[in-house]
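What follows is a set of notes on a single structure, which appears directly below.
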Amino acid sequence: MSGAGRAPVRFEKVSRHFGNVVALDGFDLAVAAGEFVTLLGPSGSGKTTALNILAGFDRATAGEVFIGERPVGALPPEKRNVGMVFQSFALFPHMSVFDNVAFPLRMRRIAGQEIAGRVAKALEMVRLGGYGDRRPAALSGGQRQRVALARAVVAEPPVLLMDESLSALDLKLREDLQEEIRRLHRQLGTTVIFVTHDQGEALTLSDRIALMNRGRICQFDTPTALYDRPVSRFVADFIGRTNIVPVDAAGHAAALGLSPDAATVRAVSLRPEKLRRALHAGDLTFEAVVEDVAFHGATVESRLRVPTGFVLRMSEARSGPLPPPFPGETTRVGFAAGDAVALYD
Ligand SMILES: Nc1ncnc2c1ncn2[C@@H]1O[C@H](COP(=O)(O)OP(=O)(O)OP(=O)(O)O)[C@@H](O)[C@H]1O
Ligand SMILES: [Mg+2]
């Protein structure tokens, strides 16, 4: 399959109301052709609603969606040329794997000769060559999801949508399929919009992530920018783990050696892995009592209490220069000033 088919996608001020519920609220998103974008957000933030409106399974209350330069809001799903993989496998149980994958091609009235070749190719691509005669019931969960993936890409749609496609699978299988999806994306060059509420999955797979909350985008950025430069408390807290240190009269931030502009900065985000006992030159430092130490395999996680009473989490590599701290110990902890991110909300 070639990478010829790819299209940009755009949501323009899309709103979707269900009675009093505002599922999407002036949702704006521009995805470049061939880009892998993930919609990430808590349950109920509007991710599925956005995909359904793009795929044509639902209609916006206001606003418009574009595939290429074409407004598609009035087109039925089958005219939008979008491949979709749902959370539940949604294979036709009475059909063989071959017939499941062939379905979109038959819908497009493609000749039988060509269908055989394209189905075989799609099944090869998801490493299920030779499984064409099986029924879905005779496959594992991961294999079924691979068939769904093959069915979604067999017609080479310029846009591929995936809604929580891996959520039902166990961790190991999930990681395998994540790799598979990355490979497929590279190979096909298709524009992908992927939905998940698993931030690890989003960080691994995406060119950019649109972090959603209450029907809106809070931040649309590369995984590293989202992680390193969150624009709000919600983003800092949702992506990875962090310590949110309030900037208020209690003086917690000052106790860490920070001096944010108290007139505008409401809190400071400090990632646990940015804190260290092995100090670097120029670090801001503070004294803390180690309250608890937990072994996590590659890292050791400690709870630190500073003199103002504020409790921080610290994550140190186990292969680091110092032996793990012990509970009750008083220790000096440092971090680079540049790793403290000011939050204004
Ligand atoms: N058909 C519907 N009727 C009424 N409310 C709906 C309908 N579909 C979605 N909603 C509401 O719209 C909001 C957004 O739902 P949506 O399914 O888009 O969330 P989501 O981000 O996909 O969540 P999840 O991670 O749980 O799948 C929710 O409050 C939901 O209850
Ligand atoms: Mg959903």
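The values are calculated or read from the model by the stated rules, or taken from the named source; none is laboratory data. Remember, predicted model here, so these are calculated numbers, not experimental data. Virtual Cβ from ideal backbone geometry, glycine too; neighbours counted across all protein chains shown.
Values as computed for the structure displayed
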item	result
Residue list for the stretch 3-20, restricted to those being under 30 Å from residue 34 (Cβ atoms), surrounded by fewer than 17 Cβ atoms within 10 Å (Cβ to Cβ) and either more than 24 Å from the chain's Cα centre (by Cα) or within 16 Å of ligand 2 (Cβ to nearest atom) (or both)	4
Filtered residues of the stretch 77-98 (kept if part of a helix (DSSP H, G or I) and surrounded by 17 or more Cβ atoms within 10 Å (Cβ to Cβ))	97, 98
Residues located in the stretch 109-125, provided they are surrounded by 12 or more Cβ atoms within 10 Å (Cβ to Cβ) and not small (Gly, Ala, Ser)	110, 115, 118, 119, 121, 123, 124, 125
Residue in the stretch 172-180 that is away from ligand 1 (no atom under 16 Å from the Cβ) and either crowded, with 22+ Cβ neighbours inside 10 Å or modelled with pLDDT of 95 or more (or both) present	no
Residue under evaluation residue 74, criteria (1) part of a loop (DSSP other than H, G, I, E, B); (2) in contact (Cβ under 8 Å) with a residue 12 or more places away in the chain, criterion not met	(2)
Count - residues of the stretch 140-173 that are outside any loop (DSSP other than H, G, I, E, B) and of a type in the set (Gly, Ala, Ser)	5
Set 50, 122, 90: member being touching a Leu at 6+ places or on another chain (Cβ under 9 Å) and under 21 Å from residue 196 (Cα atoms)	50
Residues being of a type in the set (Lys, Arg) and modelled with pLDDT under 90 - total across the stretch 117-143	1
Within the stretch 53-71, tally of residues that are in contact (Cβ under 8 Å) with a residue 60 or more places away in the chain, within 21 Å of residue 217 (Cα to Cα) and more than 16 Å from ligand 2 (Cβ to nearest atom)	1
Failed item in (1) surrounded by fewer than 18 Cβ atoms within 10 Å (Cβ to Cβ); (2) within 16 Å of ligand 1 (Cβ to nearest atom); (3) in a loop (DSSP other than H, G, I, E, B), with residue 63 passing the rest	(3)
Qualifying residue in the stretch 312-323 (condition: in contact with a Lys or Arg (Cβ under 6 Å, 6 or more places away or on another chain), touching a residue at least 40 places away in the same chain (Cβ under 8 Å), over 30 Å from residue 213 (Cβ atoms) and part of a loop (DSSP other than H, G, I, E, B))	yes
The stretch 1-49, residues that are free of Cβ contacts under 8 Å to residues at least 24 places away in the same chain and assigned to a strand (DSSP E or B)	18, 21, 30
Some residue of the stretch 184-193 being modelled with pLDDT of 85 or more, of a type in the set (Ser, Thr, Tyr) and crowded, with 23+ Cβ neighbours inside 10 Å	yes
Residue match in the stretch 199-215 (condition: within 16 Å of ligand 2 (Cβ to nearest atom), under 16 Å from residue 235 (Cβ atoms), of a type in the set (S, T, N, Q) and crowded, with 17+ Cβ neighbours inside 10 Å)	yes
Unmet requirement for residue 97, which otherwise passes all of (1) within 16 Å of ligand 2 (Cβ to nearest atom); (2) out of contact with any strand residue (DSSP E or B) (no Cβ under 8 Å at 6 or more places or on another chain)	(1)
Extreme residue, farthest from residue 150 (Cα to Cα), among residues of the stretch 183-211 that are without any contact (Cβ under 8 Å) to a residue 24 or more places away in the chain and more than 16 Å from ligand 1 (Cβ to nearest atom)	186
Verdict on residue 291 being in a strand (DSSP E or B), touching a residue at least 24 places away in the same chain (Cβ under 8 Å) and under 30 Å from residue 218 (Cβ atoms)	no
Out of 50, 23, sole residue that is buried (at least 20 other Cβ atoms within 10 Å of the Cβ), under 16 Å from the mean Cα position of the chain (by Cα) and within 16 Å of ligand 2 (Cβ to nearest atom)	50
Within the stretch 133-168, considering residues that are within 16 Å of ligand 1 (Cβ to nearest atom) and surrounded by fewer than 20 Cβ atoms within 10 Å (Cβ to Cβ), the one nearest to residue 42 (Cα to Cα)	164
